[in-house]
Amino acid sequence: MNKVLGIVLGGGAGTRLYPLTKTRAKPAVPLGGKHRLIDIPISNCINSDISRIYVLTQFNSASLNEHISRSYSFSGFQQGFVEVLAAQQTPENLDWFQGTADAVRQYLWRFKDMNVDEYLILSGDHLYRMDYRDFIRRHRESNADITLSVVPIDEKRASSFGLMKIDDSGRIIDFSEKPKGDALHQMQVDTTTLGLSAEEAKDKPYIASMGIYLFKRQVLIDLLDQQPQKTDFGKEIIPDSAKDYKVQAYLFNDYWEDIGTIESFFNANLALVKQPNPLFSFYDESAPIYTRARYLPPTKHLQCEISQSMISEGCMLKECRITNSVIGIRSRIESGCTIEDSLIMGADHYQDNFERQGSCDHTTIPLGIGANTTIHKAIVDKNARIGCNVKILNKDRVEEADCEDQGFCIRSGIVTVLRGAMIPDETII
């Protein structure tokens, strides 16, 4: 694997994940209480013995830079690194990244200097656990120019993805972007060719791209150098290369979720607490998901009622009830609070007197969630200050709303309290 270079695409402005991407890059969005989205592809690489990794980004990259520099430090006796390459203007190119392929093209001069045989292109906003070693082995055995990792899907979800058709050898021969009707039915394939059982193939007769590409070194260089007008891998480079290059499909028949929207992000986080056997688990000793080591103290539960939830370290929970929720690091939840079906991201730092007795007689609302507050089906971003007797319930069942001046937004019926927002006492949302 020392001949493979990992390249993680940090994505664009992350508008579908707004307001979580208001002040941070999409890969830097917190996940599961203490991790970030970028930890998923980086950890998959490390667990697959791929230790040279670049992350390409251009929007709000400060927190992503900080997270990576504090989380991934290889020994001086190793050749590994995880490094952010931000979009930049040069005398030769005055434009920012114009797409996924253009992002790689603008740093191709740097990637050419690496002594590698393949380039592994990854997305930074998907939740899955994958050993890339088998993927790379199959690529080499088939002598493919490009290999795409694909997931089998049913007809209900198929029209939301870019689909592919394959021949009997697993070679990709056709592409269709989010087809519907007859065009959708024409994209059905026999997925037993890729290893599914006959029963599974009947239920999932379509294959969709995971946004994971493995290129032979010279193939990627030629495609990007010879087609400067093409800026996107999934929509242009990959489909157009199928007629001239050997493009193979590799089946990944396991949990994979594109968490690029507020709704999918919310559901993926809450799915982590489901028992037994959640679809994705952080409790896999053989393939851990790494993140920044913070050396926080244990969480204190003071007469709390907690069920089916994940509580991160460094929290202070007082006489509250928490159900089906994910609680992030350094969260402070005062007495009388009820948290249900929610994601509380916590805080980046401790306020003075973190262990103090909570009081609603305050001049400034402290970090955390004040006494007797109820939160249901909501996301509370980091460093929020929520007062006493607040109710965040989406009481009017609003689907979409922009109330940034009041410190929150609503997407797909999910209330999101903005990072650093202050919600006054007695507020009802």
What tally of residues in the stretch 172-187 results from selecting those that are surrounded by 15 or more Cβ atoms within 10 Å (Cβ to Cβ) and more than 26 Å from the chain's Cα centre (by Cα)? 3
Of all residues in the stretch 338-358, count the ones that are in contact with an Asp or Glu (Cβ under 8 Å, 6 or more places away or on another chain) and either of a type outside the set (A, V, I, L, M) or assigned to a strand (DSSP E or B) (or both). 1
Selected residue (only one of Thr416, Thr338 is under 19 Å from Cys320 (Cα atoms), outside the structural domain of Arg36 (by TED's automatic domain parsing), at pLDDT 95 or above and hydroxyl-bearing (Ser, Thr, Tyr)): Thr338
Report, by residue number, each residue of the stretch 295-325 that is within 26 Å of Ile259 (Cα to Cα) and touching a residue at least 40 places away in the same chain (Cβ under 8 Å). Met310, Ile311, Ser312, Glu313, Asn324, Ser325
Take the residues in the stretch 1-51 that are in a helix (DSSP H, G or I) and polar (S, T, N, Q); name whichever of them is farthest from Asp102 (Cα to Cα). Asn47
If I filter the stretch 201-210 down to residues being more than 16 Å from Ser176 (Cβ to Cβ) and in contact with a helix residue (DSSP H, G or I) (Cβ under 7 Å, 6 or more places away or on another chain), which single residue comes out as modelled with the lowest pLDDT? Ala201
Out of all the residues in the stretch 312-328, which are buried (at least 22 other Cβ atoms within 10 Å of the Cβ) and under 20 Å from Pro278 (Cβ atoms)? Ser312, Ile322, Ser325, Val326, Ile327, Gly328
Of the listed residues (Thr374, Thr416), the one being over 24 Å from the mean Cα position of the chain (by Cα) and among the hydroxyl-bearing types (Ser, Thr, Tyr) is Thr374
When residues of the stretch 62-80 are limited to those that are farther than 16 Å from Asp39 by Cβ and of a type in the set (S, T, N, Q), the one surrounded by the fewest Cβ atoms within 10 Å (Cβ to Cβ): Ser75
Quick one: count up the residues across the stretch 188-207 that are farther than 21 Å from Gln248 by Cβ and under 28 Å from the mean Cα position of the chain (by Cα). 1
Spot the failing condition for Ile322; the list is (1) in contact with a helix residue (DSSP H, G or I) (Cβ under 6 Å, 6 or more places away or on another chain); (2) of a type in the set (A, V, I, L, M, F, W, C); (3) at pLDDT 95 or above, and only one is missed. (1)
From Asp402, Asp396, Asp381, residue being assigned by TED's automatic domain parsing to the domain that holds Arg321, acidic (Asp, Glu) and either more than 25 Å from Ile259 (Cβ to Cβ) or touching a helix residue (DSSP H, G or I) at 6+ places or on another chain (Cβ under 8 Å) (or both): Asp396
Got a sec? Which of Gly328, Gly314, Gly346 is out of contact with any strand residue (DSSP E or B) (no Cβ under 8 Å at 6 or more places or on another chain) and at pLDDT 95 or above? Gly314
Among the listed residues Glu355, Glu334, Glu400, which satisfies the condition of being within 24 Å of the chain's Cα centre (by Cα) and farther than 17 Å from Lys34 by Cα? Glu400
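The values are calculated or read from the model by the stated rules, or taken from the named source; none is laboratory data. Model, not experiment: these values are computed from the prediction. Here Cβ is always computed from backbone atoms with ideal geometry, including for glycine, and neighbour counts include all displayed protein chains.
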